[in-house]
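*Asks:* Have a look at this one before I ask anything.
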Amino acid sequence: MPPSSHRHELYTVAQVRAMDRRAIEVLGVPGFELMRRAAWAALSSLRRHWPQARRIAVHCGPGNNGGDGFLLAALAREAGLHVDVLALGEASSGDAALARQAWTNAGGGVQLWQAGDTLPEADVHVDALYGTGLRRAPEPPVAVLIEAINASGVPTLALDVPSGLDADTGHVPGAAIRAAVTTSFIAAKRGLHTGRAAAFVGVPELDALGLPESLWQGEPPDAQLLIATKLPPRARDAHKGANGHVLAIGGEHGMGGAIRLCGEAALRAGAGLVSVATRSEHIFALNAARPELMAHGVDGPQALEPLLARASVLALGPGLGQSAWSHALWLTALDGGKPLVLDADGLNLLAREPRRFAQPTVLTPHPGEAARLLGGTVADVEADRYAAARLLAGRYDAVVVLKGSGSLIADPDGRLDVCPWGNPGMATGGMGDLLTGVIAALLAQGCDAPQAARLGTGLHARAGDRAARQGERGLLAGDLLASLRALGNGLDDD
């Protein structure tokens, strides 16, 4: 399957449905023809991923997703595969009814699914139950079928969207298919690329069904996937002052490691100078472990002010805490008006004392911090990460990196990017401290806030993937530092 030129563009369900109608009504491609093309694309994916498969079971719902499944079943049978078809009901609607008729006219049988039935023997299951048509939890009998498919130990190919996954948000309100491969049609649905979707989509693919380029004209994507970008080479006459001075502020009692990771990440991402303002008890360890960091013990705002005067960018929050000392440094730093990256307890203090930012600012909340900033719950944030990220960016007039699987980067003007890299090994302490340092370093080197957030999030996630080649379990934040340097210089060993 040739890659679609629109594979990095992400659309809402409403947008894709409008494109589907335009293909039918304006471009003159009948709905049944689109269904036939989707079936061919699905069969191609199935044969490519499972060339040894001889038996497949196709699970069809009543709508167009089920119609794709019926036509796939007919094509697979013509290709010599043994095909069993399970349907949720006795009838299908619209073009799906024509597809079902085509299957039965070719001699295919249909088993009506009832809870308690046994799944047919298969090498591959095909999910054609709901596609984009379901935004609530599946009904109990269908949930039983989904759980049986997931428990079968047999890989599943999902058509368009794993059934039970909200194609707009990535939310999973109930049972959902855990696909090995998801082949989407016409355009990529944004919900497949963030939040819990990673556990259900498997390998995502996109087939534009041979539709002409004019279909996408006048339909700007709602979001886009980040593309790996190399940083420009250093000027031959570069000096440390030309690459910015990051001041990392944090490290309350017992949390010196967080501010060290932040500062070291800023160095590895290319900042010319990095100072650290922290509790005096951490200075000896910082000097011993990373002498390139200029570590300063600060006991309050008065000691911080000369450091602020020399800095070009602030990284505020890693290990900061929420004590009186923490709050005083936080307030002094924000009032300094320097470009900044705000993370961890810097965000928790912001939730207590909200403000809009006049200076270039990047906020990097995880879902818990985002919930506090919005005055809601983690469940609210995770139910629609796209809406949460955009709301945060608008409320605080800052660029927002909503961390998690499929991290989102939202600009105050509404632009939203999705990070396609990263892995479960990165779900460990210190990773966010690194990200803060990386983004601050890019700000210091001349990127504007949106550029720094996008480049930094991508660089951080790709470094995590590179470091995870030795295994995800046991991955440490410090393991990313060498990869940050290599990738920042356009180096890799692929």
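*Asks:* Excluding ligands and nucleic acids, what accessible area in Å² is computed for T377 using a 1.4 Å probe, to the nearest 10?
*Replies:* Surface open to solvent at T377 totals about 70 Å².
*Asks:* Rounded to a whole number of µm²/s, how large is the Stokes-Einstein D of segment 71-114 at 25 °C and 0.890 mPa s, given Rh as the Kirkwood radius over C-alpha pairs?
*Replies:* Details: Rh = 10.7 Å.
The Stokes-Einstein estimate is 229 µm²/s.
*Asks:* Which order do E78, E9 take by accessible area at a 1.4 Å probe, largest first? Can you show the working numbers first?
*Replies:* On the way: E78 145, E9 50 Å².
Of E78, E9, the descending order of accessible area is E78, E9.
*Asks:* Multiplying the sequence separation of T428 and Q359 by 0.36 nm and subtracting their Cα-Cα distance, what value in nm do you get? Intermediate results must be reported in sequence, preceding the final value.
*Replies:* Numbers: separation 69, 0.36 × 69 = 24.84 nm, distance 3.07 nm.
Using 0.36 nm per residue and subtracting the Cα-Cα distance, I get 21.8 nm.
*Asks:* Residue by residue through segment 436-442, what is 3J(HN,Hα) from phi via Karplus (6.51 cos²θ - 1.76 cosθ + 1.60, θ = phi - 60°)? Round to whole Hz and write x for glycine and proline.
*Replies:* Couplings: 4, x, 5, 5, 4, 5, 5 Hz.
*Asks:* Output the relative contact order of segment 168-311, whole-number percent, from Cα pairs under 8 angstrom with separation of 6+ residues.
*Replies:* Details: 193 pairs, mean separation 23.0, N = 144.
In percent, rounded to a whole number, it is 16.
*Asks:* Right, here's the next one. In square angstrom, what is the accessible area per residue of segment 34-134 with a 1.4 angstrom probe?
*Replies:* 41
*Asks:* Taking θ as phi - 60°, what are the ³J(HN,Hα) couplings along segment 469-479 by the Karplus curve (6.51, -1.76, 1.60), each to the nearest whole Hz, with x for Gly and Pro?
*Replies:* Those phi angles translate into 4, 8, x, 7, 5, x, 5, 10, 4, x, 5 Hz.
*Asks:* Let me ask something else. Can you run phi through the Karplus equation (6.51, -1.76, 1.60; θ = phi - 60°) for segment 32-40 and list ³J(HN,Hα) in whole Hz, with x for Gly and Pro?
*Replies:* With the stated coefficients, segment 32-40 comes to 5, 5, 4, 5, 5, 5, 4, 5, 4 Hz.
*Asks:* Right, here's the next one. Any idea of R372's accessible area? Nearest 10 Å², probe 1.4 Å.
*Replies:* 120
*Asks:* Using modelled backbone amide H atoms (1.01 Å from N, in-plane), which distant-in-sequence or interchain residues come within less than 5 Å of V126's amide H?
*Replies:* Under 5 Å from the amide H of V126: A57, V58, H59, L157.
*Asks:* When you count, for each residue, the other Cβ atoms within 10 Å and take the mean per peptide, how do 150-156, 274-280, 201-207 rank with the highest first? All intermediate terms of the calculation are to be shown ahead of the outcome.
*Replies:* Working: 150-156: 15.6, 274-280: 23.4, 201-207: 20.7.
Final packing ranking: 274-280, 201-207, 150-156.
*Asks:* Sticking with this one: So, counting K/R as plus one and D/E as minus one, what does the shell of residues with Cβ under 12 Å around L261 add up to?
*Replies:* Charge balance near L261 sits at -1.
*Asks:* Another question, if that's okay. Given contacts defined as C-alpha pairs under 8 Å and at least six residues apart, what's the relative contact order of the chain, whole-number percent?
*Replies:* Details: 1105 pairs, mean separation 60.6, N = 494.
Result for the chain is 12 percent.
*Asks:* For segment 1-98, what relative contact order do you get, as a whole percent, if you take Cα pairs closer than 8 Å and at least 6 residues apart? Walk me through the numbers before you get to the answer.
*Replies:* Values: 106 pairs, mean separation 26.3, N = 98.
In percent, rounded to a whole number, it is 27.
*Asks:* Based on the Cβ-Cβ distance of R135 and D237, what FRET efficiency does E = 1/(1 + (r/R0)^6) give at R0 = 60 Å, to the nearest 0.05? Could the numbers behind the result be given before it?
*Replies:* On the way: r = 57 Å, r/R0 = 0.95.
E(calc), rounded to 0.05, equals 0.55.
*Asks:* Under a 1.4 Å probe, what is the accessible area of segment 331-482 per residue, stated in Å²?
*Replies:* Working: 5370 Å² over 152 residues.
Per residue, segment 331-482 has an accessible area of 35 Å².
*Asks:* Calculate the dipole size of segment 85-223 relative to its Cα centre from +1 charges on Lys and Arg beta carbons and -1 charges on Asp and Glu beta carbons; express the result in debye to the nearest 20.
*Replies:* Numbers: 7 positive and 16 negative charges, 55 e Å.
Roughly 260 debye for segment 85-223.
*Asks:* Taking the dipole about the Cα centre of the chain, with the C-beta of Lys and Arg at +1 and of Asp and Glu at -1, give me whichever of G69, G425, I24 is farthest to the positive side.
*Replies:* So the residue furthest toward the plus end is G425.
*Asks:* Quickly estimate the mean residue ellipticity at 222 nm for the chain, helices only: each DSSP H run with n ≥ 4 gives -39500 (n - 2.57), and the total goes over all residues, rounded to 500. Working shown, then result.
*Replies:* Details: 17 runs with 191 residues, N = 494.
That calculation yields -12000 deg cm²/dmol at 222 nm.
*Asks:* Taking the inverse of the average 1/r across all pairs of different Cα atoms in the chain, what Kirkwood radius in Å do you get?
*Replies:* On the way: mean 1/r = 0.0412 Å⁻¹.
For the chain, the Kirkwood estimate is 24.3 Å.
*Asks:* Taking amide H positions as placed in the peptide plane 1.01 Å from N, state which residues far from A223 in sequence (5 or more) or on other chains have amide H under 5 Å from it.
*Replies:* Under 5 Å from the amide H of A223 lie the amide H atoms of L10, each far enough along the sequence or on another chain.
*Asks:* To continue, here is another question. Express the carbon and sulfur contribution to the solvent-accessible surface of the chain as a percent, rounded to the nearest whole number, probe 1.4 angstrom. Display every interim value, and only then the final one.
*Replies:* Values: 10370 of 19810 Å².
Within the chain, the accessible surface is 52 percent carbon and sulfur.
*Asks:* State in Å² the accessible area per residue of segment 142-215; use a 1.4 Å probe, count heavy atoms of protein chains only, and round to the nearest integer. Could you put the intermediate results ahead of the total?
*Replies:* Details: 2000 Å² over 74 residues.
Accessible area per residue: 27 Å².
*Asks:* What are the residues whose amide H is under 5 Å from the amide H of D207, where those residues sit 5 or more places off or on another chain and H is modelled from the backbone?
*Replies:* Excluding prolines and chain starts, which carry no amide H, the hits are S184, F185, I186.
The values are calculated or read from the model by the stated rules, or taken from the named source; none is laboratory data. These numbers were taken from a predicted model, which means no experiment stands behind them. Here the Cβ is made from the backbone with ideal geometry for all residues, glycine too, and neighbour counts use every protein chain on show. Accessible surface areas use protein heavy atoms only, side chains included; no ligands, DNA or RNA. Shrake-Rupley method; radii C 1.70, N 1.55, O 1.52, S 1.80 Å.
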